[in-house]
């Protein structure tokens, strides 16, 4: 079954407040998702922009990570 979401994906995470400042973004291609119920994991060193990787734990802790789960619901 072909996923309706495919190709290059960019997800932007923002701080909701007065400025809606971007905290970080993650980019990936759906070809890296192994199954319909797959997932993608990234730690702080794999996020963009580079400023977030150089952050001295003032924005995100050094052990910060993100997991994005995909589910085939169609």
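The values are calculated or read from the model by the stated rules, or taken from the named source; none is laboratory data. Predicted model only: the values in this text are computed from it and were never measured. Neighbour counts are summed over all protein chains in view; Cβ atoms, including those assigned to glycine, are modelled from backbone coordinates with ideal geometry.
Quick notes on this one:
- Residues of the stretch 3-19 classified as within 16 Å of residue 52 (Cα to Cα) and at pLDDT below 85, total: 1
- Some residue of the stretch 56-70 being surrounded by 13 or more Cβ atoms within 10 Å (Cβ to Cβ) and part of a helix (DSSP H, G or I): no
- Members of the stretch 33-55 that are over 15 Å from residue 12 (Cβ atoms), exposed (fewer than 13 other Cβ atoms within 10 Å of the Cβ) and modelled with pLDDT under 80: 34, 35, 36, 37, 50, 54
- Residues (in a helix (DSSP H, G or I) and closer than 18 Å to residue 61 by Cβ) located in the stretch 17-45: 44, 45
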